[in-house]
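Enquirer: First the structure, then my questions, so here it is.
Just so it is clear, none of the values below were taken in a lab; they were calculated from the coordinates. Computed from a predicted structure; not experimentally measured. Because the Cβ atoms are built from the backbone with ideal geometry, glycine has one as well, and the counts that use them run over all protein chains shown.
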Amino acid sequence: MSDVYAALAPALAGSTVTGAASLSALAEHELATLGHGDLPRWQQALAALPAVVTRSELDHGAPRLGAPADDPGALRDTLMRLHPWRKGPLCLGGVEIDTEWRSDFKWDRVAPHLDLDGHTVLDVGCGNGYFGWRMLGAGAKCVVGIDPTPLFVMQWRAQAHFAGNLPNFVLPLKDTQLPCDLAGFDTVCSMGVLYHRRDPADHLARLMACLRPGGTLLLETLVLDQPGEAVMVPEGRYARMRNVWGVPTPGNLAGQLEQAGFIDVECVDLARTTVAEQRSTDWMRFESLPECLDPDDPSLTVEGHPAPVRAVMRAKREQGERAAVGRRQPGRAEQTTKND
Ligand SMILES: C[S@@+](CC[C@H](N)C(=O)[O-])C[C@H]1O[C@@H](n2cnc3c(N)ncnc32)[C@H](O)[C@@H]1O
């Protein structure tokens, strides 16, 4: 078994987080047993990364990891073997990776509403770990990301090769695999995940279980930008995604969070996703948002639904013992689906 996550429990030592040892053991096991047809190709790409001086400048739209490589062309080719790069931008060994998403746009919407100074953070559905670098840059003590998509874990490992020993981890896990004893994070984030879950209440219960009393939840998700309590349940696809189970209004979402036991629930940002934020690039050559919008009316998706609007919700876990009362316990494992 590898020791990719050996630094995780030490990075959380002295914090309120419990269960770090069982989490890292589970992550090592999952990493060792990952199944994907492209895994050998990705592992060869990781093995071909050049030795560079590790370093990091994290407070950038494109975090700059590692000193410039001697042969940038060769490094670019190696990193391309980890295509598609969805979340970024990133600069690895001097190579600029223009990802599908300008995730820095999302970070700029989220960051003003988070105080991460000295915080332990759990980022559920973290993608390739881009936001973890930004969170460290904003003062977080340690960021534990989980994401079940093997390629994103490989992309994180490539980034970590250049960054060196920084406490930003991406573990190959779903929320439903989080160990029962994992608890006590100062901040828990879930961005772009809730609409992929058939049972959103179960997702919220799991997020709550990992927060310390008084801790902060940051939830970012697709919403229906209208007043009231509706939830759009797309029949078939939504913006060509097969796995969008529900898109609530902000009001409905706030109610779901309160039902889960969160307090001080606020919608702190609402933004329509633009084709400047999500588009195809050399580093993500498949179709993207422009192909998912109605060419005659970009306020609609190609299926005729309202085009994507995303909300940032912030909420708190109550202080003290009452925090555990009256909320749903996380349920049994469910099937989850592809990434977007
Ligand atoms: C739309 S992406 C969002 C990535 C990133 N958080 C962001 O906001 O850009 C959704 C991510 O959730 C992951 N995901 C899907 N189901 C999940 C689950 N049950 N638990 C944790 N992550 C999940 C996917 O692999 C994917 O990386």
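Enquirer: Could you give me the ³J(HN,Hα) list for the stretch 156-162, computed from phi with Karplus coefficients 6.51, -1.76, 1.60 and θ = phi - 60°, whole Hz, x at Gly and Pro?
Expert: After applying 6.51 cos²θ - 1.76 cosθ + 1.60, I find 5, 5, 5, 5, 5, 4, 8 Hz.
Enquirer: Taking the Cα centre as origin and putting +1 on Lys and Arg beta-carbons and -1 on Asp and Glu beta-carbons, what dipole magnitude results for the chain, to the nearest 20 debye?
Expert: 540 debye
Enquirer: Using packing as a proxy for protection, rank 138-146, 171-179 so that the peptide with the highest average count of other Cβ atoms within 10 Å comes first.
Expert: 138-146, 171-179
Enquirer: Under a 5 Å amide H to amide H cut-off, with H placed in plane at 1.01 Å, what residues pair with residue 232 once short-range neighbours are removed?
Expert: Answer set, sorted by chain and number: 247, 249.
Enquirer: If you count, for each residue, the other Cβ atoms within 10 Å and average over each peptide, how do 312-319, 226-233 line up from highest to lowest?
Expert: In descending order of packing, they fall as 312-319, 226-233.
Enquirer: Nearest 500 deg cm²/dmol is fine: what mean residue ellipticity at 222 nm does the chain get from its DSSP H runs of n ≥ 4 alone, each adding -39,500 (n - 2.57), divided by its residue count? Show your work: numbers first, answer last.
Expert: Details: 10 runs with 91 residues, N = 340.
Estimated from H runs of four or more residues: -7500 deg cm²/dmol.
Enquirer: I've got another one for you. What's the exposure ranking of 220, 303, going from fewest to most Cβ atoms within 10 Å?
Expert: The order, fewest Cβ neighbours first, is 303, 220.
Enquirer: Would you mind calculating the relative contact order of the chain from Cα pairs under 8 angstrom and at least 6 residues apart, reporting the percent as a whole number?
Expert: 17 percent
Enquirer: Give me 286, 169 ranked fewest to most by other Cβ atoms within 10 Å of their Cβ, as a rough exposure proxy.
Expert: In order of increasing Cβ crowding within 10 Å: 286, 169.
Enquirer: Quick one: which residues, 5 or more positions from residue 318 or on another chain, have an amide H under 5 Å from its amide H? H modelled 1.01 Å from N in the peptide plane, none for Pro or chain starts.
Expert: Residues meeting the amide H criterion: 214, 263.
Enquirer: Could I ask something else about it? Work out the charge dipole of the chain with +1 on the Cβ of Lys and Arg and -1 on the Cβ of Asp and Glu about the Cα centre, then indicate which of 180, 36, 192 is farthest towards its positive end.
Expert: The residue sitting farthest along the positive end of the dipole is 180.
Enquirer: So what are the ³J(HN,Hα) numbers for the stretch 24-34, from phi and the Karplus equation (6.51, -1.76, 1.60; θ = phi - 60°), rounded to whole Hz, Gly and Pro as x?
Expert: Computed from phi, the couplings for the stretch 24-34 are 5, 5, 5, 5, 4, 4, 4, 5, 6, 10, 4 Hz.
Enquirer: Here's another thing I want to ask about it. Report ³J(HN,Hα) in whole Hz for each residue of the stretch 43-56, in order, from the Karplus equation J = 6.51 cos²θ - 1.76 cosθ + 1.60 where θ = phi - 60°; Gly and Pro get x.
Expert: After applying 6.51 cos²θ - 1.76 cosθ + 1.60, I find 5, 5, 4, 4, 5, 8, 5, x, 5, 9, 5, 7, 6, 8 Hz.
Enquirer: Which peptide among 118-131, 257-270 comes first, and what is the full order, when sorted by highest mean count of other Cβ atoms within 10 Å?
Expert: Going from most to least packed, we get 118-131, 257-270.
Enquirer: Another one. If you take the charge dipole of the chain about its Cα centre, with +1 on Lys and Arg Cβ and -1 on Asp and Glu Cβ, which of 270, 22, 138 is farthest toward its positive end?
Expert: 22
Enquirer: Over the Cα atoms of the chain, what is the Rg over Rh ratio if Rh follows Kirkwood?
Expert: On the way: Rg = 19.3 Å, Rh = 20.4 Å.
The Rg/Rh ratio comes out at 0.95.
Enquirer: Follow-up question, since we're still on this one. Would you grab the residues whose amide H sits under 5 Å from the one on residue 268? Only those 5+ places off in sequence or on another chain, please, with H modelled 1.01 Å from N.
Expert: Those qualifying (amide H under 5 Å, at least 5 residues apart or on another chain) are 312, 313, 314.
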